[in-house]
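One structure is given here, and the rest of the page talks about it.
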Amino acid sequence: MGNKGDFRVPVSQVPHSVPIPEDITGIGGTVSVEINEKKISVPLGTTILEACKKVGISIPTLCHHDDLCIAGVCRICVVEVEGMRTLQASCSFPITTPIKIKTSSPMVRKARRHIIDLLLSEHYGECYTCFRNGNCELQNLAKEYGVDSYTFGHIDKPRFEVDNSSYSVVRDMSKCILCKRCVRTCIDLQEVGVLEAIGRGDKTHIGTFLEKPLADVICINCGQCINRCPTGALRANDPSDAIWEAIDEPTKHVVIQTAPSPRAAIGEEFGLPAGTSMTRELNTALRRIGFDKVFDTNFAADLTIIEEGTELILRLYNALVKKGKVALPQFTSCSPGWVKFIEHYYPEYLDNLSSAKSPQQMFGALIKTFYAQQAGIDPANIVSVALMPCSAKKFECNRPEMNSSGYKDVDYGLTTREMARMIKEAGINLPEMPKSDFDSPFGEASGAGLIFGATGGVMEAALRSVVEFVTGNKTEDIFERANIIPLRGFEGIKYMEIPIGDKVGRVPDLIKHFIPDWNWLKGATLKVAVAHGTANAKKIMEDIKSGGKFSECHFIEFMACPGGCLGGGGQPIPTTPEIRMKRAEAIYAEDESLEIRKSHENPNVIRIYKEFLREGPCSHLSHKLLHTHYVKRGRYIA
Amino acid sequence: MEKKERKGIVLFSEYKRGEAIKKALEKSREEILFELRESKLKGRGGAGFPTATKWNMVAAAKSDKKFIICNADEGEPGTFKDRALLLEYPELVFDGMVIAGYTIGASEGIVYLRGEYEYMLKSLNDYLEAMRKDNLLGKNIVGKNGFDFDITIRLGSGAYVCGEETALIESLEGNRGEARNRPPYPVNTGYMGKPTVVNNVETLAAVPHIVLKGGEWFKKYGTDKSTGSKLFSVSGDCERPGVYELPWGTTINELLEIVGAKSVKAVQVGGASGICIPKSQFNRSLAYEDAATGGSIMIFGENRNMLHVLKNFMKFFVEESCGQCTPCRIGNTKLSEGIEMIEKGEYTFAYINKLKELGQTMKVASKCGLGQSSPNAFISILENFKEEIFNGNGGRNGK
């Protein structure tokens, strides 16, 4: 077999080559199309779907998704192309010659209605009992096309058992319409490849390797499949019943930490436009629901920067000065999807992974130790909830090693979607809530912790501190308003070099006992990289394996999800590149509005190293509470 | 290899291995394409696409690599003529592939052999080895400088859909057998993304004769729109089932006469995906422009229950749909359930009409030829045998 190129997906599902001229504006670069007798000119190779969008005609789609390669399988988007015997799927038809299209002829309308009827005949379940009720693409289509009865019947028994083996993703294949978005998400967007169509004909279904439960295969729990499922066939494992129970139990002290990404996105669940930050309204809502304390995960993100940054400096010092054998580049470890990805796919690189826990888990450990002490509460009675944009966080908090406080660090990981539902259930209209602040003793965090939510954010946060530590200059003097623009944006892989120069600063007190001075970094160039989406992570890992330019990096940020946490598998549905862009804008805007924008300037972080973690970052106690280890899982499953 | 004494006008006429290759290599590519165009040869798999046009598109494509693939998946129920060609006339098929390779500029040919034909694999490979010894394959074939070409045989695994050319290519690439989106077509983006000709065994087998005797000679046979001869795989209620070479345009009556079929009720032309023709239309001719077929002719005698025949076909499609597109995957199930309703007498004519409409949608909205042709039997049998099915012994009266 020859080389299939970069694609791991079946070739039928990648856009095929059509002879598109390089200069799209030149002669032959465009082609004219007549859509419902309206003429327009489009670049050669434009799909019918895109062309229709340009003239304001909406075509229904189910298998098509802006983030994914083409499938052309649901056939709901068929249109009539003059001169062709059959209807054509507009999502996959590239326009290369002048054509005439009818998007709403009797034949087209009949075909679409038939397709909806067929899908409904095999789609098990009633809308009332489905978490996607009101936000289901199949339901919407049925409504748009006036489906008032089940023309071809309706299945009354589930065809498959619900698979809720995974802490993160629940699969209810009786609701699956075989659009294969999950398959393409997993294999093409994320290059994990856990899901595939199995069987043929009426036996076709989406399954895992040897039909094993999801918990037993190499799923990384990123939940990107959930975000792209048009129906309720995929959902996150919802712990809200248990949380309600804890809230209703008077002896339990229920605290919640909220991550920045849900705050930037939860408004979408309440009809607000993407990119409306709800941070302080959410604080009020959560207290009204019954949470005893509301904490800012960003505090722990700031702490992560100090711990992970110190770890990086130590690694560099050991490598450059002590000439020890140290695993470099250091990889970030705050994305649990990425952690499981590397455990499965590159277990030989686990030493490169920072031992620092993710902010969620650090915070969990501190809540049941430091906070419990301060507040005088028995940690056994604390129920710690984490509002996260993430489905993998559910798995992470259930990892057996995450109990360094003697208790489960975090009891429940809750997604943005689940939180929104709890708020609605409590009869609260989030956008109308008055604003309120986070609770002490952790209080408000820095902007550095906040931008963890966007791809490049962890790296930017780290550099804001590291650059200042090492050079002695204010970060603002090097990067305008401390915004490190090259690390922002949604490019799959970002790379940056920061020359240290000849002037170095004073070693901060916090780490003075590790390193006497910065002289060994004089004239050095710090090389960093950022990747989001595991497909991009894989590219970097393969480059490192072959000794490429990324193997020379010192620090690399990896996020499992496209766009970073703001595009996480627990975020509101739908997700598109535009929506993710808006969420990022909201996060960066909030960062700019804050007074403290560097982790090491967070007064509560300074305080915790004075009062609790007295031996400083990467010390014995911090290692016990704030650091962890990983499992060599490998790609082969028993 | 056992050699049966067959006699026929074109394919089963005299031919010596390598003869056409030698003649072709003396000609220019344009000359071969010209003869092919003259012959008006159309694809024998059933769709009837002009072979010269297909070859020409790949010949004209710019690419570092091109492929010629012989579709020997022969999965259509009731078809077994490719088996006869491969067993008894492999020289025609392989020589046709070499000529195709020369004409389109491919250096690699692949035979996609039906999984159930595994038993032929060894003898076919032996045959290819013999061709290599005679320099009919390999480097600088029969002394033609710069023309290197070889053939490999790859086995299918039994999925009907892999007879569809783009699903076949997917299967060859090691993927799940599923039809691709078209356009682009294999002539543009085929095997490994390269321009590819996919031809039926029988199409390729016709090529050596056309090269030797010319397009004019070829089109003496058959009709104006369906030139040459066709191999028919005849099965069912007749005295002499088997593979027959007949000129295109032969009527069903004539064919029934030849194979010794008496008191026939219906003839299924084109396999499970074809149409069912009742007695009253036996004067129709077998040709692309009338009753088109890839070769399958199934004869049903007077005592056959047409509803059972239809049920059998639909069961086949329910299982053999690749399952990727909605109209084919669920549509065939619904048609099949409809037949069961008729069998039990639990149906309304209104619902049966809805299913017929659904069949029309499947014909136009399915992704590939499988779903587009699977309702043919349903529609034609219910239409042509409604008396028997709804009032006779087949079903009970509906509401």
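Only Cα pairs under 8 Å and 6+ residues apart enter the sum, and on that basis the relative contact order of chain A stands at 15 percent.
Counting only heavy atoms of the protein chains and using a 1.4 Å probe, B:E239 has close to 110 Å² of accessible surface. Modelled spin-label separation between B:R29 and A:E82, with each label point placed 7 Å from Cα along the Cα-to-Cβ direction: 3.5 nm. Each label point was placed 7 Å from the Cα along the Cα-to-Cβ direction; for A:T96 and B:E337 their separation is 4.0 nm. Debye-formula intensities of chain B, expressed as log10 I(q)/I(0) at q = 0.06 Å⁻¹, are -0.24 (one equal scatterer per alpha-carbon, no solvent). Between B:E19 and A:V55, the C-beta separation translates, for a Förster distance of 60 Å, into a calculated FRET efficiency of about 0.55. Just report the Cα centroid separation between the stretch B:70-138 and the stretch A:255-282, whole Å. That distance is 64 Å.
Pairs from the list B:K42/B:K356; A:K53/A:K340; B:K22/B:K122 with a Cα-Cα gap above 29 Å: B:K42/B:K356; A:K53/A:K340.
Roughly how much of A:T251 is accessible, in Å² to the nearest 10, using a 1.4 Å probe? So the heavy atoms of A:T251 present about 90 Å² to solvent. How far is helix B:201-213 tilted, in degrees, relative to the longest principal axis of the Cα atoms in chain B, given as a value from 0 to 90 rounded to the nearest 10? Tilt relative to chain B: about 50 degrees. A P(r) calculated from all alpha carbon pairs of the stretch A:115-236, with 10 Å bins opening at zero, reads 13, 47, 32, 8, 0 percent. Return the whole-Å distance between the Cα centroid of the stretch A:79-157 and the Cα centroid of the stretch B:174-208. Taking the Cα centre of each part, the stretch A:79-157 and the stretch B:174-208 sit 30 Å apart. Listed by chain and number, the lysines whose C-alpha is less than 17 Å from the C-alpha of B:K16, apart from same-chain residues fewer than 8 away, are B:K3, B:K4, B:K7, B:K133, B:K213. Multiplying each eigenvalue of the alpha-carbon gyration tensor of the stretch A:538-638 by 5 and taking the square root yields semi-axes of 29, 26, 16 Å, largest first, rounded to whole angstroms. Of the options A:C182, A:I95, A:A215, report the single residue whose Cα projects farthest towards the positive end of the charge dipole of the protein assembly as shown (beta-carbon charges: Lys, Arg +1; Asp, Glu -1). Ranked along the dipole, the leading option is A:I95. Past 18 Å, Cα to Cα: identify those pairs from A:K393/A:K545; A:K368/A:K408; B:K62/B:K194; A:K252/A:K293; B:K315/B:K386; A:K39/A:K100, in the order given. In this structure, A:K393/A:K545; B:K315/B:K386 exceed 18 Å between Cα atoms.
Under the shape rule built on the C-alpha gyration tensor, where the axes satisfy a ≥ b ≥ c, the stretch B:229-301 is rounded, since a/c falls short of 1.5. Working from label points 7 Å from Cα in the Cα-to-Cβ sense, the A:E542 to B:N125 distance is 3.2 nm. Against the criterion of solvent-accessible heavy-atom surface with a 1.4 angstrom probe, A:W518, B:W217 sort, most first, into B:W217, A:W518. Among B:V10, A:V321, the sequence by solvent-accessible area, most first, with a 1.4 Å probe is A:V321, B:V10.
Solvent-free Debye calculation, one equal scatterer per alpha-carbon of chain A: log10 I(q)/I(0) at 0.07, 0.08, 0.09 Å⁻¹ equals -0.47, -0.61, -0.77. Between helix A:577-593 and chain A there is an angle of about 30 degrees, using the helix long axis and the longest principal axis of the Cα atoms.
Note on A:H629 and A:E196: with the Förster distance fixed at 45 Å, the Cβ-Cβ geometry gives a FRET efficiency of about 0.90.
Dipole check for chain A: with +1 at the C-beta of Lys and Arg, -1 at the C-beta of Asp and Glu, and the Cα centre as origin, the magnitude is about 1160 Debye. For the peptide A:195-206, the mean number of other protein chain Cβ atoms found within 10 angstrom of a residue's Cβ is 5. In the assembled protein chains, A:D248 presents an accessible area of approximately 110 Å² (probe radius 1.4 Å). The calculated FRET efficiency for the pair A:I606 and A:D502, based on their C-beta separation and a Förster distance of 25 Å, comes to about 0.25. Axis of helix A:336-345 versus longest Cα principal axis of chain A: the two differ by about 80°, to the nearest ten degrees.
A Cβ-based charge dipole, computed about the Cα centre of chain B with Lys and Arg at +1 and Asp and Glu at -1, lands at about 540 debye.
Across bins of 10 angstrom width beginning at 0, how are the C-alpha pair distances of the stretch B:19-219 distributed, in whole percent? Result, from short to long distances: 9, 39, 39, 12, 0 percent.
Protein chains only, probe 1.4 Å: how do A:R171, A:R607 rank by accessible area, largest first?
A:R607, A:R171
Under the convention that each Lys and Arg Cβ holds +1 and each Asp and Glu Cβ holds -1, the size of the dipole of the stretch B:3-113 around its Cα centre is about 120 debye. May I ask you to list the residues of the stretch A:33-77 whose amide nitrogen lies under 18 Å from a point 7 Å from Cα along the Cα→beta-carbon direction of A:Y349? From the stretch A:33-77, the list is empty.
The values are calculated or read from the model by the stated rules, or taken from the named source; none is laboratory data. On a predicted model such as this, the values are computed, not experimentally measured, just so you know. Note that we place each Cβ from the backbone using ideal geometry, even for glycine, and neighbour counts take in every protein chain shown. What goes into the accessible areas is simple: the full protein's heavy atoms, side chains included, and nothing from ligands, DNA or RNA. Shrake-Rupley method; radii C 1.70, N 1.55, O 1.52, S 1.80 Å.
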